[in-house]
Amino acid sequence: MVGEGMFVDMGLIELDAITKAYGAEDAQTLALRGISFIIERGEFVAIMGPSGSGKSTLLHILGLLDRQTSGAYRFDGKPTDTYTTDELARMRNERMGFVFQSFNLLPRFSVLHNVMLPLHYSAVPESEWLPKAARAIKSVGLAHRTDYPAVQLSGGEKQRVAIARALVNDPMLIFADEPTGNLDSKSGQAVMEILEKLNNDGRTIILITHETYTAEHAGRIIKLRDGRIESDTKVERRRNT
């Protein structure tokens, strides 16, 4: 547990005694039970744990998709409970990128239009949408698929499109929720190599996974069990061969 006064410009993400309860007071379920940690800018952190450990709940709070029941969360130095709903939405769109196991692409839309979607909700001038999307698509090696509808892509290509979409607003932080869960080992390895490169370029990566092999690409592994931190360990990253 981090003591009082922990919030002194210490990290990009700062959690202090976070809890999350569901249900009425007389029948509450605690999904998170006093979670405290700091994630510095530029870290690659894997969050692991069995089903029901609190991984998804923690992701939703970290990604500003839900609010904690108690405790304090600062993102980039500001308490998240001071943000309005509109400010939270803007933070998610401009400062964070999300990559999910199920890709969440619009199947009939082209790769280009899928990647441009977040720009519709941003302050980026429309004249910049096409070049920004093109750069993001190129960065994941899919320039040759720009005009393909998403439905025609392989699973690995769909996940790379999802990563490009997460990158298009140039966020400082990428959340990857089981990004290799629907992929074969070769495609999964390609996705992890892209996430490593993004981290090497300076972006903070938070990976949610149950796969030890995938977690070993991170430099730090936080293990959850029953809503608590079981361990928080710096590790030697797996080297790609």
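Scanning region 110-123 for residues that are open to solvent by 30 Å² or more (accessible area, probe 1.4 Å) and part of a loop (DSSP other than H, G, I, E, B) yields one hit, Ala123. Which of the numbered conditions does Phe7 fail, given that it passes all the others? Conditions: (1) at negative phi; (2) at pLDDT 90 or above. Checking Phe7 against (1) at negative phi; (2) at pLDDT 90 or above, the one that fails is (2). Does Thr233 fit the bill of being touching a residue at least 12 places away in the same chain (Cβ under 8 Å), out of contact with any helix residue (DSSP H, G or I) (no Cβ under 6 Å at 6 or more places or on another chain), within 15 Å of Glu43 (Cβ to Cβ) and surrounded by fewer than 16 Cβ atoms within 10 Å (Cβ to Cβ)? When the stated conditions are applied, Thr233 passes them. Looking at the structure I just gave you, is Glu14 free of Cβ contacts under 8 Å to residues at least 40 places away in the same chain and either surrounded by fewer than 16 Cβ atoms within 10 Å (Cβ to Cβ) or within 17 Å of Asp232 (Cα to Cα) (or both)? Taking the combined requirement at face value, the residue does not satisfy it.
Taken over region 19-57, the residue count meeting the criterion of being at pLDDT 95 or above, over 18 Å from the mean Cα position of the chain (by Cα) and open to solvent by 60 Å² or more (accessible area, probe 1.4 Å) is 1. Number of residues in region 205-214 that are farther than 13 Å from Phe98 by Cβ and crowded, with 22+ Cβ neighbours inside 10 Å equals 2.
The values are calculated or read from the model by the stated rules, or taken from the named source; none is laboratory data. Only a predicted model underlies this, so the values are computations on that prediction, with no experimental measurement involved. Note: ideal-geometry Cβ built from the backbone for every residue, glycine included; neighbour counts use all protein chains shown. With ligands, DNA and RNA removed, areas are computed over all heavy atoms of the protein, side chains included. Shrake-Rupley method; radii C 1.70, N 1.55, O 1.52, S 1.80 Å.
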